[in-house]
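Visitor: Mind looking over this structure? Questions follow.
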Amino acid sequence: MSPEAVRDALRGVVDPEVGVNVVDLGLVYEVTVEGEAISVELAMTSAACPLGSHLKGEAEAAIRRHLPEAAKVTVNLVDDPPWTPARMNAAAREALGW
């Protein structure tokens, strides 16, 4: 398991309000892999986003599905620093017509 493998798994998690995956949107702030434990810091596009718990659950499920060898998966919602559109990659910008 590697941080990149975790990010690959998270590319299957789409923000339903935007229609772009959380990795391309820049919502995945940090991925840590220590042995069989995975920890992810996940932000929302807005601190008031009502989908935080939904996306957190989707992220955990995607990681467990793609990396079944992970004994422990923790996804923490963070809001510092606040997300900005500058965190999006080129694929997200293209998908949104920017």
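Here, each number is a calculation from the coordinates, and none is a lab measurement. Quick caveat: nothing in here was measured; it's all calculated off a predicted structure. Every residue, glycine as well, gets a Cβ built from its backbone with ideal geometry; the counts of neighbours run over all protein chains shown.
Visitor: Distance in nm between label sites at S39 and A71, each 7 Å beyond Cα in the beta-carbon direction?
Guide: 1.6
Visitor: Please compute the modelled spin-label separation between S53 and N89, points set 7 Å along Cα→Cβ, answer in nm with one decimal.
Guide: 3.1
Visitor: On a 0 to 90 degree scale, rounded to 10, what angle separates helix 52-66 from the longest Cα axis of the chain?
Guide: It works out to around 50 degrees.
Visitor: Mind ordering 75-84, 2-11, 39-48 by average Cβ neighbours within 10 Å, highest first?
Guide: By packing density, highest mean first, the sequence is 39-48, 2-11, 75-84.
Visitor: Non-local amide H neighbours of V20 (under 5 Å, H modeled in plane, Pro and chain starts lacking H): which ones?
Guide: When sequence neighbours closer than 5 places are left aside, the close amide H contacts are D15.
Visitor: Once you place label points 7 Å from the Cα toward the Cβ at W98 and E4, how far apart are they in nm?
Guide: 2.5
Visitor: Taking only the alpha-carbon atoms of the chain, what semi-axes of the equivalent ellipsoid follow from 5 times the gyration tensor eigenvalues under a square root, in whole Å, largest first?
Guide: Three semi-axes, in Å: 22, 14, 12.
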